[in-house]
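Reviewing the structure listed below.
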Amino acid sequence: MSATGFLVLLIVTIAILMVLIMKVKLHPTFALFLSALFMGLVLGRFEAEGFGFTDILTTITGGFGGTLGSMGIPIMLGAILAMGVQDTGAAKAIANSFIKLFRGKNLELAPALTAYIVSIPVFGDITTILTSNIANVLSKRKHISMGKMAAFTQTGLNLTHAMVPPTPGILAVSILLGADLGLVIGWGILISLIAFVLTWLVLRKWTDKEFVEPVPEVVAEIEETSSNDVKDILITGNDIPATFASFLTILIPVILIAGSSFIKMVVAEDSALYAWANIFGDKIVALGLGVIYTMLLAVFHKASVRKSNADATGKNPQSFREVVLNSWIARGLEIALPALLITGMGGAFAAVIKAAPAINDLAGLIEQSGVPGLLIPFLIGAIMFTAVGSMTTGGMTAAGVVGPMMVTLGLSPISTVLAIGAGTMIFNHVNNSGFWVISRFFNLDLKQGLKYITLPDFVAGIFCFVMICGAAAVGLF
């Protein structure tokens, strides 16, 4: 098959994937499976060998199993960690720290920066729920529009969701493209944080033009205050952990993974420090230690953990161990399962694309077209996210398409991963379930959702891409 023919097949396959998810409403896992099978069967009509029916199934199952082999345990550990962050009250403590930091001013930054941090290891919908109550309370207390709260809270959430492992989507893309996880985390945090600040500076006045009321049920007992005293604004609650202890739930895995990469860059491979960095920087070890720490934190905040778990499950086991060692894991696995299956099948789809001999010819064709190399992963990430409404699915598909072209296009794994991540920020709209979760918990109608979710994400994604291009141009990665 020629490069042009393969490009046409790729476009048709992606179109089929879009139709299956958007119109047929087929679950993304089986939509990816059928799309991979279709592409393999068509390739089998043109390639001399290696694409018989059983060969295609072997490629799909190999890609699925290989992806789950590298991603499965980290995703499960991240989901369990999310339960701990929710139940211990760590998210409230983190929000309070930002209220104190900004001395009661620019309070939209409190839930926004909380979401930015919490979203690194915690799933997006859970982060939305955790931070929405904070945003609603502060909105009522200081008469701040929920449009403004939503614009920056979800931008902070989606920036780290798109750009910083160990969030499942960008973690999978990093592993698939062979990028150093620690460096992706480091650069992802730097670029996304700058993009967040720039987006806030550009849009903060614009978000004041319309006042959106907080969710009435959430703020029924909250009174508005004209006081600027931080003590009157803080989120109160029984048994909230200390600030530093709360931050550690998030920072332990991030510091271990990122720190390991930087240590391995500056020490000899045969040194003891390199060996220890290799162990503690492993994504499973780092996330596992984060989970263990959070479970220990729960022991000192049993009242908060019991209440939160009972609210979530309707059950209150007599043994506290059952809450932490059973309920947390059960709740986490329930949330992790869809991400696991979608991620695994995304790897299967990518495996079929990479197996096609024409992929190298396609890379050469793109190189000859004069299109800037980094624009390719950015645009494919943006197109796929716009089409399927999932950062994980969009990013995995983009990685599968771009991965085999990286050498020919002169792209480094880190810049490619980050460009795909930035692309998945570009058009967050109605086919993304997260769009509706944010709209619901921040009291936005459809028009307001497009204003305060879609537009800020677009602006942040452009800022990210510009910085990635600048860093790549001067040889930083």
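The values are calculated or read from the model by the stated rules, or taken from the named source; none is laboratory data. Every value quoted in this text rests on a predicted model; they were computed, and no experiment measured them. Using ideal geometry, Cβ is built from the backbone for each residue, glycine included, and neighbour counts are taken over all protein chains shown. Note: areas computed on protein heavy atoms with side chains; ligands, DNA, RNA excluded. Shrake-Rupley method; radii C 1.70, N 1.55, O 1.52, S 1.80 Å.
When each of GLY410, GLY373, GLY423 is tested for being open to solvent by 30 Å² or more (accessible area, probe 1.4 Å), in contact with a Gly (Cβ under 7 Å, 6 or more places away or on another chain) and of a type outside the set (Lys, Arg), the lone residue that passes is GLY410. The helices (runs of 4 or more DSSP H) found wholly in segment 56-146 and carrying at least 1 residues that are closer than 21 Å to GLY344 by Cβ and in contact (Cβ under 8 Å) with a residue 12 or more places away in the chain occupy 124-142. Please enumerate the residues belonging to segment 156-214 that are within 22 Å of PHE427 (Cβ to Cβ) and among the polar types (S, T, N, Q). Correct list: ASN158, THR160, THR167, SER192, THR199, THR207.
Find all pairs meeting these conditions: Cβ atoms under 6 angstrom apart; at least six residues apart or on different chains; first residue within segment 2-21 and more than 15 Å from LEU37 (Cβ to Cβ); second residue surrounded by 14 or more Cβ atoms within 10 Å (Cβ to Cβ) and acidic (Asp, Glu). Correct list of pairs: ALA3/ASP361.
Checking segment 236-251 against the condition returns a match, with at least one residue being without any contact (Cβ under 8 Å) to a residue 40 or more places away in the chain and not hydrophobic (A, V, I, L, M, F, W, C). Close Cβ contacts (under 7 Å, 6 or more residues apart or on different chains) running from residues in segment 336-349 that are in contact (Cβ under 8 Å) with a residue 12 or more places away in the chain to residues that are polar (S, T, N, Q) and surrounded by fewer than 23 Cβ atoms within 10 Å (Cβ to Cβ) comprise LEU341/THR29; ILE342/THR29; MET345/THR29.
Restricted to segment 147-178, and to residues there that are under 18 Å from GLY381 (Cβ atoms) and outside any helix (DSSP H, G or I), the residue that is most open to solvent (accessible area, probe 1.4 Å) is GLY178. With respect to the conditions (1) of a type in the set (A, V, I, L, M, F, W, C); (2) open to solvent by 80 Å² or more (accessible area, probe 1.4 Å); (3) within 23 Å of ALA179 (Cα to Cα), LEU296 falls short on a single one, namely (3). The set of residues in segment 86-124 being surrounded by 22 or more Cβ atoms within 10 Å (Cβ to Cβ) and of a type in the set (Ser, Thr, Tyr) consists of THR88, THR114, TYR116, SER119. Where helices (runs of 4 or more DSSP H) sit wholly within segment 362-477, those with at least 3 residues that are at pLDDT 85 or above, closer than 20 Å to PRO165 by Cβ and of a type in the set (Val, Ile, Thr) occupy 413-423. Restricting segment 456-475 to residues that are free of Cβ contacts under 8 Å to residues at least 40 places away in the same chain and of a type outside the set (Val, Ile, Thr), the residue that is nearest to ASN428 (Cα to Cα) is PHE458.
The residue that is nearest to ALA351 (Cα to Cα), counting only those in segment 36-50 that are open to solvent by 70 Å² or more (accessible area, probe 1.4 Å) and aliphatic (A, V, I, L, M), is LEU41. The residue list THR127, THR58 contains one member that is crowded, with 23+ Cβ neighbours inside 10 Å and of a type in the set (Ser, Thr, Tyr), which is THR127.
Going by the structure shown, is PRO28 buried (at least 16 other Cβ atoms within 10 Å of the Cβ) and touching a Lys or Arg at 6+ places or on another chain (Cβ under 8 Å)?
Values: buried (at least 16 other Cβ atoms within 10 Å of the Cβ): yes; touching a Lys or Arg at 6+ places or on another chain (Cβ under 8 Å): no.
The answer is no for PRO28.
Residue-level check: of (1) within 20 Å of the chain's Cα centre (by Cα); (2) surrounded by fewer than 21 Cβ atoms within 10 Å (Cβ to Cβ); (3) over 22 Å from PHE211 (Cα atoms), VAL459 misses just (3). Among the residues of segment 290-321, those that are touching a Pro at 6+ places or on another chain (Cβ under 7 Å) and either in a helix (DSSP H, G or I) or modelled with pLDDT under 90 (or both) comprise GLY290, LEU297.
From the list PHE33, PHE53, exactly one residue is open to solvent by 40 Å² or more (accessible area, probe 1.4 Å), within 23 Å of the chain's Cα centre (by Cα) and within 25 Å of ILE21 (Cβ to Cβ). Which is it?
PHE33
Look at segment 205-230: where a residue is modelled with pLDDT of 75 or more and a partner is open to solvent by 80 Å² or more (accessible area, probe 1.4 Å) and not in a loop (DSSP other than H, G, I, E, B), sitting 6+ places away or on another chain with Cβ atoms under 6 Å, you get VAL230/LYS100. Yes or no: segment 335-342 includes at least one residue that is among the β-branched types (Val, Ile, Thr) and open to solvent by 40 Å² or more (accessible area, probe 1.4 Å). There is at least one residue in segment 335-342 that is among the β-branched types (Val, Ile, Thr) and open to solvent by 40 Å² or more (accessible area, probe 1.4 Å). Taken over segment 224-264, the criterion of being under 13 Å from GLY281 (Cα atoms) and more than 24 Å from the chain's Cα centre (by Cα) is satisfied by ILE263, LYS264.
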